[in-house]
Amino acid sequence: MEVAALKKTHKLLKEWAYEWTPLDKGYTDKTLYINLTDNEIKEKPVPALMKEKFIGGKGYGLRLLWDATKPDTKWDDPENEINISSGPIGGITQYSGTGKSICVSISPQTDIPVDSNVGGFFGPFLKFSGFDAIEIQGKAENDVVIFIDGVNHRIEINEAPYFEAHDSHILGELLTEMYADDEKDKKNIGIISSGIAADYSLIGMLNFTFYDNKRKLVRLKQAGRGGIGTVFRNKKIKAIVCKIPGVKGHLNNVVNMDAIMERGRRFNKEMRELDDSQCQMRAIGTAHLTHIMNDYDLLPVHNFKFGSHEDAIKIHANEWKARFTQGIPDGCWIGCNMACAKGVDNYELRTGPYAGSKVIVDGPEYESTSSLGSIMGIFNPDFTIETNFYCDTYGICTISWGTLVGFIMECYENGILNEERTGGLKLNFGNADAAMDLLHQLARGEGFGLIAGQGIRKMKHIFAEKGWGDAGFMQDIGMENKGLEYSQYVSKESLAQQGGYAMTNKGPQHDEAWLIFMDMVNNQIPTFEKKAEALHYFPMFRTWFGLMGLCKLPWNDVEPENNALTDEPAKVPEHVDNYVTIYKAVTGKEFDKKELIRMSERVYNFQRIFNIRRGYGLRKHDAQPYRAAGPVTAEEYESRAERYDKQLKELVGYDPEGKTTQEKMVVMRAYREDRYEQLLDAVYERRGWTKNGVPKIEHLKDLGMDLPEVIAVVKDLQ
């Protein structure tokens, strides 16, 4: 069917006109509210207190979700929301990495709020359309497309026909064509969608489009973590489309454009002169890390058993560089000179419903080179690229998918699973064909793929209830915390990174704290106090990016030439000063690097208390699977026996000579688990929390987050 004819099959359910408000100092001070149960559409003013305390982005999303839900609201209740917001800096085009937005919802995987950051056009376009955030509640009866018309200033809810495409790589192109006036207008459209597999799983993700003007293609960035795509599809949202008249350099209406431009020129010079000798973001993106992680024994192999493998040379960064199209400005937002959104062009698919088609594959990024490869014992770039494509278009988080398949494969090799239980799939490590079949099963809503799509936490319960395996062993090897699968770094030899994963509010995602090199490689934080300081500063600093609409990569993936000579090179102080300067230049407010941290602390502590309000957020919820800390199996211990024996002798004071592997493992486990408990104590104290992980009332008062509804949650837990 022709696109014009297809558009006519969309049935208008509700139309609402609004008065457009231009941005002032990065804000419109309005949010857009849509309830799909009764097709209510309205705007809400942003209360002064919300703007002061919650800033934007993740902060706005959390505040709106708190107000809209009850402590026992389930992820699939109509009152659960999907909230999407950029931030005051988001959308400027004079500094790199300003196109991010944050999606917030109650997670199907964790039952607590999840925040997931994403690039693409939608977040800035929503702001330019007149809204600091969108808040979606309720459920539609049938699939709907929400259209935010920032040109004519109206909102539509349209019922979409059942026969229209669902998978994101087709739907993005289709809706861009449908809503664009002409070819030139395609760059003015941003779309959110999920995919068919999100209907059948708890690990669904959202795709945000950006139009690649050089390639003349619609491309995708992902809000991957926590199953927000599953919530999206449960609400019967097929897509959200936002259209604007165009992007101009002054739409944020900032106070001091000259200051922003000066910092932008400085950063762009660093990218031109230093990127090739540092991380090669413009050539390889985050996939430049793959062989580096292998070299340092940090690359997840065989469900995090090991940190390196002799076949990792097959997925060396140079292998990805050879596949990525070079010489194209691969930014996912206008004006970003990191150009790290790499893509594999004209890739011919070998499997699944699109076999034989040539497509662009967005990525893989580092997380996918390991989650869709080494963690399964597969070192085949073609498998990784194809799986990356299908995860994206099906609407599945690549990190969760890879980590849960690694868990499945280890269960298979230990007899917990077998061909009868998997429906004939031989899911041993290295079996690429079976792994690919499992993904396609999920997208069809059938077979063992449906069980896999529940995630590791639920699979552990299913397998134990059926009597297939030992619950304790599965707890040890199941790489999840709070219900969210681990992202792709082996943390066994970095106590700080163990905390950086398991102490996160939403679950183990590296966007909060990546401390492996500081801790393990460079030994910059040797004491509990120094680790606790790092686990205070870096999560707060990175939280700030999620309040502002910023990508973290320009912060430290290229560094000033003299950065190593500064007092705190891990913080990249010149870039911190860039962000302080830009915030002041956008908003006109007085601001310094100390207030940056306090600003984040307010929202971070609020999110912790949100978790507590829902029955979580305590010390026991920060427990980690033992594999994150040490060797679970004799095979693991013996593969690094020299390392572990030396640690037992020098750190524990235990002579391993003549002892069995099992005896040594018992002592090693007791030592490592005790160290983690000591880390919890130190971090909680530094963060102003009780030993049970509850923010102290005096700390909340000091931060200015002693709101009555917040204090009511924690007053009896002090």
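Brief remarks follow.
- The protection proxy used here, the mean number of other Cβ atoms lying within 10 Å of each residue, ranks peptides 409-420, 477-488 as follows, highest first: 477-488, 409-420.
- Part-to-part distance (alpha-carbon centres) for region 694-718 and region 419-447, which is given in Å: 48
- Fully extending the segment from residue 641 to residue 357, taken as 0.36 nm per residue of separation minus the present Cα-Cα distance, adds 97.5 nm.
- Projecting the Cα positions of 534, 147, 205 onto the charge dipole of the chain (unit charges on Cβ atoms of Lys, Arg, Asp and Glu, taken about the Cα centre) puts 147 furthest along the positive direction.
- Residues in region 150-185 reached by a label modelled at residue 15 [backbone nitrogen below 15 Å; 7 Å Cα→Cβ]: 150-159
- Between amide H atoms placed 1.01 Å from N, distances below 5 Å from residue 14 occur with 157, all of them 5 or more places distant or on a separate chain.
- Under 5 Å between amide hydrogens, built in the peptide plane, is the criterion, and for residue 306 it picks out 301 among residues at least 5 positions away or on other chains.
- The chain: relative contact order as a whole-number percent, Cα under 8 Å and 6+ apart: 14
- Size check on region 495-717: the Cα extents along the three principal axes, sorted descending, read 68, 51, 23 Å.
- Residues whose amide H lies under 5 Å from that of residue 74, counting only those 5 or more places away or on a different chain, are absent; hydrogens are built 1.01 Å from N in the peptide plane.
- Net charge of neighbours whose Cβ lies under 10 Å from the Cβ of residue 400, counting Lys and Arg as +1 and Asp and Glu as -1: -1
- Relative protection proxy for 83-95, 170-182, from highest mean packing down: 83-95, 170-182 (other beta-carbon atoms within 10 angstrom).
- Cβ-placed point charges (K, R +1; D, E -1), dipole of the chain about Cα centre in debye, nearest 20: 1260
- Per-residue [θ]222 nm for the chain (sum of -39500 (n - 2.57) over DSSP H runs n ≥ 4, rounded to 500): -11500 deg cm²/dmol
- Table column - 3J(HN,Hα) (Hz), region 457-467, Karplus curve with 6.51, -1.76, 1.60, x for Gly and Pro: 4, 6, 4, 4, 5, 4, 5, 5, 4, 7, x
- Relative contact order of region 43-180, pairs being alpha-carbon contacts under 8 Å that are 6 or more residues apart, as %: 19
- Placing unit charges on the Cβ atoms only, positive for Lys and Arg and negative for Asp and Glu, gives region 318-385 a dipole magnitude near 100 debye about its Cα centre.
- Sorting 632-643, 373-384, 207-218 by average packing, meaning the other beta carbons within 10 Å per residue, from highest down gives 373-384, 207-218, 632-643.
- Positive-pole candidate from 699, 378, 391, dipole of the chain, charges at beta carbon: 699
- Greater than 32 Å apart at Cα, pairs in 426/458; 53/100; 44/238; 571/664: 571/664
- Assigned charges on the beta-carbon of Lys, Arg, Asp, Glu; region 3-243 dipole about Cα centre (debye): 680
- Residue-wise HN-Hα coupling along region 190-198, computed from phi with Karplus coefficients 6.51, -1.76, 1.60 (Hz; x: Gly, Pro): x, 10, 10, 8, 10, x, 5, 6, 5
- Leading residue at positive end of dipole, region 3-243 (Cβ point charges), from 239, 162, 122: 122
Here, each number is a calculation from the coordinates, and none is a lab measurement. These figures come from a predicted structure and were not determined experimentally. With ideal geometry, Cβ positions are generated from the backbone for all residues, glycine too; neighbour counts draw on all protein chains shown.
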